[in-house]
Amino acid sequence: MELLPQTPWTRVRTVLNWINLSTPLGLLVARLGGATIERRGRGTYLATGYRHGFPVASAFTIGSVITSRHDRAYLASRPVLLQHEDRHCTQYAFCLGVLMLPLYFASVAVSWVVAGDHSSFNPFERLANLSDGGYPPARTRRARRASR
């Protein structure tokens, strides 16, 4: 996987995610999960081979660290998923880093109540583009029941 080029914005995002401690936290979580960490470019890291069962996702992001239990080849074949996760890196910069975690989990709870899933009404997932992350289109519980 070739390194992606930095832009002025990704440089700012990278610095913010180091200052707000979300990237160091992401590197720590990846390391504790037994992942292999490599630079991806755009100020991001790719951590593959994560061994813990939480969270249940193809990939997840903390700061500028994209972590997955899958290997590099799997992720390289899913560039849209990596774009989705890259958008989460930007969200960490805007949300003052680790403060994004409680906001994200609160959004998961609201989405679960409204839609019965963690993504439909989660603004973080919607802004990162649901379909790029492999999520179905947003829908409410009522719409889900009606489609059965």
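The values are calculated or read from the model by the stated rules, or taken from the named source; none is laboratory data. Since we're looking at a predicted model, the values are computed, not measured. Every residue, glycine as well, gets a Cβ built from its backbone with ideal geometry; the counts of neighbours run over all protein chains shown.
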**strands (runs of 3 or more DSSP E) within the range 1-117 that include 3 or more residues surrounded by fewer than 20 Cβ atoms within 10 Å (Cβ to Cβ)** = 36-41
**Message:** Quick test for you: out of Ser107, Ser147, Ser58, pick the one residue that is modelled with pLDDT of 95 or more and among the small types (Gly, Ala, Ser).
**Reply:** Ser107
**Prompt:** Can you find a residue in the range 127-135 that is within 19 Å of Gln91 (Cβ to Cβ), at pLDDT below 95 and touching an Asp or Glu at 6+ places or on another chain (Cβ under 7 Å)?
**Reply:** yes
**Prompt:** Taking the range 15-30, which residues are within 14 Å of the chain's Cα centre (by Cα) and not aliphatic (A, V, I, L, M)?
**Reply:** Asn17, Ser22, Thr23, Gly26
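Hey, among Ser64, Ser68, which residue is at pLDDT 95 or above, touching a Cys at 6+ places or on another chain (Cβ under 9 Å) and not acidic (Asp, Glu)?
Numbers: Ser68 fails: touching a Cys at 6+ places or on another chain (Cβ under 9 Å).
When all the criteria are applied, what remains is Ser64.
Tell me yes or no: at least one residue of the range 131-138 is of a type outside the set (Ser, Thr, Tyr), surrounded by 13 or more Cβ atoms within 10 Å (Cβ to Cβ), over 16 Å from the mean Cα position of the chain (by Cα) and farther than 22 Å from Asn20 by Cβ. Before you say what the answer is, go through the steps one by one.
Step one: list which residues in the range 131-138 are of a type outside the set (Ser, Thr, Tyr), which gives 132-134, 136-138.
Going one step further and asking which of them are surrounded by 13 or more Cβ atoms within 10 Å (Cβ to Cβ), we end up with 132-134, 138.
Checking the rest, the ones that are also over 16 Å from the mean Cα position of the chain (by Cα) come to 138.
If we keep only those that are farther than 22 Å from Asn20 by Cβ as well, we get 138.
Taking every residue of the range 131-138 in turn, at least one turns out to be of a type outside the set (Ser, Thr, Tyr), surrounded by 13 or more Cβ atoms within 10 Å (Cβ to Cβ), over 16 Å from the mean Cα position of the chain (by Cα) and farther than 22 Å from Asn20 by Cβ.
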**Item:** Among the residues listed as Thr67, Thr90, the single one being among the hydroxyl-bearing types (Ser, Thr, Tyr), over 16 Å from Val15 (Cα atoms) and in contact with a helix residue (DSSP H, G or I) (Cβ under 8 Å, 6 or more places away or on another chain)
**Value:** Thr67
